[in-house]
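So the structure is just underneath, and the comments pick up after that.
The values are calculated or read from the model by the stated rules, or taken from the named source; none is laboratory data. Here the structure is a predicted model, which is why all the values come from computation and not from measurement. Here the Cβ positions follow ideal geometry from the backbone for every residue, glycine too, while neighbour counts run over all protein chains shown. Surface areas here come from the heavy atoms of the whole protein model, side chains and all, with no ligands, DNA or RNA. Shrake-Rupley method; radii C 1.70, N 1.55, O 1.52, S 1.80 Å.
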Amino acid sequence: MNIKIIRTLVRKEMLDVFRDKKTVVIMLFIPVILYPLIFLGGMQVIALISSNMEEQNYRIVVDAADDGAFARMLAKRENGTETSDGREASGEQADGVEISDDQTEGVETSGGQAEEERYTITLVEAGGIGDYETALNDEVIDVYVSGRMQDNKMNYDVYYLSSAANSSYAKNIVIDVFEEFRDGLTEEKIREAGLDVHEILEPVLYEEKDTASSEQSLGSIMGSILPFMLIISLMMGTMYPAIDTTAGERERGTLETILTLPVTNRQLIISKFLTVAAIGIVSALLNICSMGGIAFYMYKIMDMQTDAGSFEISRFLPAILVGILAVFAFSLFVSAVTMCVTAFAKSYKEANNYITPLMLVIMFTGYIGFIPNVELTQTMAMIPAANICLLIKNMLLFKIDYTAIAVVLISNVAYAILAILFLSRIYDSEAVLFGDGKNGMQLFEKRSNLQKGGVPTVSDVWFVVALTIVLVMYAGSMLQIKFGLAGVFGTQLLLLSVPLLIVIYTKRDLRLTYGFRKTGLKNYLAAVLIATGFYAVNTVIATGLSVLFPDSTENVVTVFDNIMSGNIGGVLFVIAFAPAVCEEMLFRGLILQSMKAKYRVPAAIGITALLFGIYHMSLVKLIPTGLLGLVLCCMAYRADSIYPAMLIHFLNNAFSVVISRGPEKLKDLLPVFYQETLGFGDVMLLLCVGLILMGIGLFFLEKGRPGRKIKRKADRA
């Protein structure tokens with residue numbers, strides 16, 4: 001590879017990116033200027049709000065049959081100041097009587113600390129306010145305290161308005177006074193009994209001693225905030241350069257010119273990638289320096305005010321070095337992924353729309369650093385964004401695991417390489433680079449502008465997939481919880497109706513979209529044989545997974561048993577027939593046919609099967625349902641019709657219903673399907689019988705594919 005050419009291309013891309021002033025603003029203004037302004041401004045606002053709350057006058061009503069004891073305690077809270085009419089504060093209340101401490105110092109709180117109380121309290125006569133709820137809602141008063149004698153004890157109720165800041169703050173004052181009031185009465189009763197107060201109230205003494213060093217305490221705080229801020233700053237730093245080097249080229253009309261240069265697509269992609277990654281790294285480092293400066297400022301302020309213990313910066317050196325490596329690795333990953341997303345956009349506006357979901361996913365994943373007790377396991381080390389957050393968090397807590405460090409860094413680089421390879425495929429495809437927009441989302445186009453015929457675009461399909469999964473998660477779950485078996489049928493209707501309405505709105509051909517084509521009788525015979533054989537093979541797989549994931553298996557069995565409570569006819573209709581129609585029309589119909597029109601057949605089949613497995617939302621069912629989806633996709637493709645796939649789906653689910661609800665004699669005929677664990681002989685029997693039946697089915701399926709002629713005629717039409 002010619003390094004000189006790549007260096008020249010990188011220089012050109014850098015000039016293009018920095019020609020746009022927005023990039024410079026985002027890179028420099030936000031971390032260097034905006035972050036400190038937000039931090040300092042936020043501190044000032046918080047201090048102002050706190051000071052304002054402390055200087056307020058709080059109007060409190062005490063309506064209690066305690067001879068004014070609690071009202072006197074409120075007065076003592078204000079250091080025994082006289083009321084505004086010249087009388088000393090006592091249990092006697094008057095409307096508008098204000099009790100204040102005139103900013104006195106040295107008032108001892110329940111914690112034994114002297115502090116300056118700046119707020120004032122006005123005791124309001126209960127008879128002058130009418131209904132206390134109305135008075136609270138109108139903010140005429142802030143707190144209403146009622147008290148009654150019950151079982152020789154005073155029972156107080158404190159009414160306040162949580163939606164009003166003054167009322168909430170006044171409630172906290174009242175609660176503090178109640179604690180002092182209660183402690184004082186307790187001590188008084190102990191003294192009256194002739195006992196020692198400290199011996200009774202403090203039978204044991206304890207003292208908290210934190211063994212964490214200053215570095216560990218600081219690392220614990222930084223470990224939750226810094227990783228999240230880091231990945232967000234990396235995302236922000238790479239977003240605009242990625243858009244400019246991909247969608248920006250198209251919008252400016254310079255992409256065609258660049259592709260005519262005597263450079264390969266790979267050299268072009270690498271130069272764009274290195275440009276975006278470099279800008280992302282610089283932006284992230286500036287963010288780190290800015291946040292580090294803020295943290296240092298906070299530490300110095302705390303040190304001057306509280307004489308906090310110093311810490312050694314050198315102890316954070318390993319965390320800093322690994323953090324820099326993590327920044328480089330994650331920058332490679334996020335740059336490549338961002339470019340893959342923006343490469344499909346035709347304009348800046350469209351690219352911003354595409355990038356928003358990616359940013360939300362990365363932000364959501366980054367929140368894992370705030371969750372306590374989440375460890376950097378081998379599995380977590382493979383999850384992008386989350387692995388970076390957990391790695392930096394562990395390093396700041398001085399938890400060094402070299403294996404985890406290697407896995408995190410290597411996995412991010414590997415994901416970046418895969419994304420670059422995918423990006424190269426995009427730049428090798430003229431249909432993607434210079435498409436006319438027909439493959440874009442047509443759902444939100446004006447219906448009169450849409451042409452009839454064909455299958456939905458891949459963009460529309462992905463929207464349908466996301467929408468149906470959300471509907472199943474929320475509406476489907478509520479339907480199943482409330483209506484049981486009928487709710488399951490309602491969920492299937494959602495899978496059928498929502499995509500069908502979208503297909504009708506976009507004027508797609510229903511026969512082509514759903515694969516409604518005639519096929520030969522041999523293909524139906526093949527479907528029966530393949531369904532029977534696959535059920536036997538899948539039994540072995542499901543049994544093995546149940547041993548590996550017992551908790552997930554138990555949950556699935558519990559849900560399945562609850563659904564099976566109806567009569568067997570209704571269960572067969574809902575569990576076997578409805579999914580065979582509704583799920584097949586969605587997956588082997590709309591999704592598979594649309595994917596085939598865009599991608600190669602193996603890729604279309606693989607994507608559809610994976611989505612089918614994910615749709616069932618169960619770890620223990622992912623592999624069995626994914627394999628079933630693979631078989632169904634292959635059947636629909638080879639038969640060139642959706643009907644044999646529907647038959648396989650129906651038989652597979654019907655076998656499960658019959659095994660679960662069938663007569664007792666069935667256990668004697670087929671005992672192998674009722675065993676929780678399978679022996680070696682049972683496994684071999686099921687595998688042999690299953691594979692033989694599937695092989696025979698494939699033999700019949702391969703013999704006749706009459707749907708090809710129908711497809712060619714339909715395509716010509």
It is to be established whether one or more residues within segment 361-374 are out of contact with any Cys (no Cβ under 6 Å at 6 or more places or on another chain), in a helix (DSSP H, G or I), under 21 Å from Lys272 (Cα atoms) and open to solvent by 10 Å² or more (accessible area, probe 1.4 Å). no
Filter pass, Phe228 being touching a residue at least 24 places away in the same chain (Cβ under 8 Å), of a type outside the set (S, T, N, Q), touching a helix residue (DSSP H, G or I) at 6+ places or on another chain (Cβ under 8 Å) and farther than 30 Å from Thr356 by Cα: no
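To keep it simple, each residue is scored yes or no on (1) surrounded by 14 or more Cβ atoms within 10 Å (Cβ to Cβ); (2) of a type in the set (Asp, Glu); (3) touching a Gly at 6+ places or on another chain (Cβ under 6 Å).
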{"site": "Asp176", "(1), (2), (3)": "yes, yes, no"}
{"site": "Leu201", "(1), (2), (3)": "no, no, no"}
{"site": "Ser214", "(1), (2), (3)": "yes, no, yes"}
{"site": "Met222", "(1), (2), (3)": "yes, no, no"}
{"site": "Leu226", "(1), (2), (3)": "yes, no, no"}
Could you tell me which of the residues Ala336, Ala385 is over 16 Å from the mean Cα position of the chain (by Cα), surrounded by 22 or more Cβ atoms within 10 Å (Cβ to Cβ) and of a type in the set (A, V, I, L, M)? Ala336
Look through Tyr637, Tyr674 and report the one residue that is hydroxyl-bearing (Ser, Thr, Tyr), within 21 Å of Ala536 (Cβ to Cβ) and out of contact with any Cys (no Cβ under 8 Å at 6 or more places or on another chain). Tyr674
When Pro663 is evaluated against the numbered criteria (1) without any contact (Cβ under 8 Å) to a residue 60 or more places away in the chain; (2) in a helix (DSSP H, G or I); (3) open to solvent by 70 Å² or more (accessible area, probe 1.4 Å); (4) not basic (Lys, Arg), which criterion, by number, is the only one it fails? (2)
Select, from Ser224, Ser214, Ser233, the only residue that is within 35 Å of the chain's Cα centre (by Cα), at pLDDT below 80 and under 30 Å from Val10 (Cβ atoms). Ser233
For a quick check of your reading of the model, give me the residue pairs whose first member lies in segment 344-356 and is within 16 Å of Leu423 (Cα to Cα), whose second is charged (D, E, K, R) and surrounded by 13 or more Cβ atoms within 10 Å (Cβ to Cβ), with beta-carbon atoms closer than 6 Å and at least 6 apart or on different chains. Lys346/Arg250
Among residues of segment 255-312, those that are hydroxyl-bearing (Ser, Thr, Tyr) and either modelled with pLDDT under 75 or touching a Phe, Trp or Tyr at 6+ places or on another chain (Cβ under 6 Å) (or both), counted: 7
Name the strands (runs of 3 or more DSSP E) wholly inside segment 41-159 in which the number of residues that are crowded, with 17+ Cβ neighbours inside 10 Å and at pLDDT 50 or above is 3 or more. 57-64, 120-124, 143-150
